[in-house]
Amino acid sequence: MPNGSVLKKEILSLSVARWFDPFISVAIITGVFLALYKTEISDVYLTLLMILPSTAYLFFSELMRAPWSWHNRPRQPLTLVFDRTLTKYLGVLLGILACFFAIWLFPAYANHVNNMARLQQAVIPALAFILPLSLILIFFTEYILGEKRDGTYQFGLIARGKISEVNWRIFFDGFFEWLLRLFFLQINFYGAVWYVWNVRDRGLPSLTWDFPTFITQLDLAIFGLIVFSIIPGYLFASRLINTDLKKVDRTWFGWAINFSCYPPLNAAIFGAWVQYMPRGELAQLYAGSPPWAYYTEQYPWLFMFMAAGIIFFALIHLWGEAAVGIRAANLSQRGLITTGLFRFTRHPIYVSKGFQWAFIYVPFLNVFGILSAVQSGILFALVLLIYIGRALSEERLLATDPSYVKYALYMDEHSIFASVGRLFPIMTFKWRYEYWVNNNLLQPISKI
């Protein structure tokens, strides 16, 4: 049994990322914006220019640390390499066409005229970058690492009319990957353009504004950086740096609880069923102030504490999302991260979200009195339960990976919440893992 320091080093070595990558990628995004936000460049083109350099940095940074060696590549005829390259490239083209078809067919994310205009403006320059780069990366990946008949390969077989050769289980994993990429890339792209527009329209957050407005805009700017940080994960994947798809969640629970947190379903869930936040018509009762400021403005020290907490947890959220970065992947696994914030808790993103929402909206207080406060407090607890459900669905997916099991069991003893698990064993990964194994509940997902 390894001692503590050896075990800690072993756990950290499981990570596929380095602690400094998120800081550099966020610095690149911020630097490009600050250099160009006052120019005449359109919001869409500025968005693309912020995304592509950070994606390139993350790729080349990890490429330099990739474990494979050029000299250890498999010996294989170039004709086979070219054939697989052609098949996978046709699979990429088919996937892109399927995405365009879905956007045309379902208006849920394109019904705003600005969204469609932004997407149309981005398509040509984005494809001019993505299509030739995809061909080059596919060829070198097949040449260096050898054959892998993944979902994109199965798409390519269909494009080539080789239907009888398709492995349909792997095909549907690839289908789910493209579906997730379409869904989250589109949402985040629209969001990224909106955040660029918002800051350019209102200006950089300034202390000359009234303080609550400054905190609100600074929080929005940080959330914009969060959106930019995760876009590379939905835009780009490569076996060369081990960011290709490993597993896909096949449970209805996982898909339902994830999609409930995003448009258009989140409007029904968070905007109606569990709306703990003050509605717009209450703005006059709050004197135009955000709830956190309304409740604390008479107590300067508490006022500043709440403001600092909002920004602190926003930055923690940014750090966590940026660490995931090029591996951002809802409902699927594209690599394990054990460094940075993930050294302290398995779910730093969800933890920071919960604390920040509590600081912003103070759901346990309400201008209408104690009963309304109890109601909003219970609704807030239900929101937290939704995100706990997301965390559990992710753990159950990852629990088929021995490396994640080793990491999660280590965190039971060494995370900042380890004492909670000692008091309530049901809250530990070990308890859940044994329950899943004993009841044959782990998802039967083989590696692609």
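Per-peptide packing, taken as the mean over residues of other Cβ atoms within 10 Å, places 55-62, 331-338, 114-121 in the sequence 331-338, 55-62, 114-121 from highest down.
What a 1.4 Å probe finds exposed on the chain is 69% carbon and sulfur by accessible area, rounded to a whole percent.
Ligands, DNA and RNA aside, Trp255 has an accessible area near 40 Å² when probed at 1.4 Å.
A 1.4 Å probe run over the range 37-136, with the rest of the protein chains in place, finds 60 Å² accessible per residue. In the range 264-387, the inverse of the mean reciprocal separation of distinct Cα atoms equals 16.2 Å; this is its Kirkwood hydrodynamic radius. Remark on the range 198-290: ratio of C-alpha radius of gyration to 2.2 N^0.38 Å is 1.53.
Using only C-alpha positions, report the orientation-averaged shadow area of the convex hull of the range 305-448, nm², one decimal. Can you show the working numbers first?
Numbers: hull surface 41.3 nm².
Quarter of the Cα hull surface area: 10.3 nm².
Restricting attention to the chain, the count of lysine pairs at 8 or more positions apart or across chains with alpha carbons under 21 Å apart stands at 19. Only one of (1) 0.94; (2) 1.04; (3) 1.22 was calculated from the structure for Cα Rg over 2.2 N^0.38 Å, and its label is (2). Just check the range 17-161 against the gyration tensor rule for me: Cα atoms, a ≥ b ≥ c as the square roots of the eigenvalues, rounded for a/c under 1.5, and otherwise prolate or oblate depending on whether a/b exceeds b/c. Verdict is oblate for the range 17-161. Taking the Cα atoms only, what angle lies between the long axis of helix 211-235 and the longest principal axis of the chain, rounded to 10 degrees? Here the helix axis deviates by roughly 10 degrees.
The values are calculated or read from the model by the stated rules, or taken from the named source; none is laboratory data. This is a predicted model, so every value here is computed, not measured. Note: ideal-geometry Cβ built from the backbone for every residue, glycine included; neighbour counts use all protein chains shown. For the accessible areas, the whole protein counts, side chains as well, though only heavy atoms, and no ligand, DNA or RNA atoms are used. Shrake-Rupley method; radii C 1.70, N 1.55, O 1.52, S 1.80 Å.
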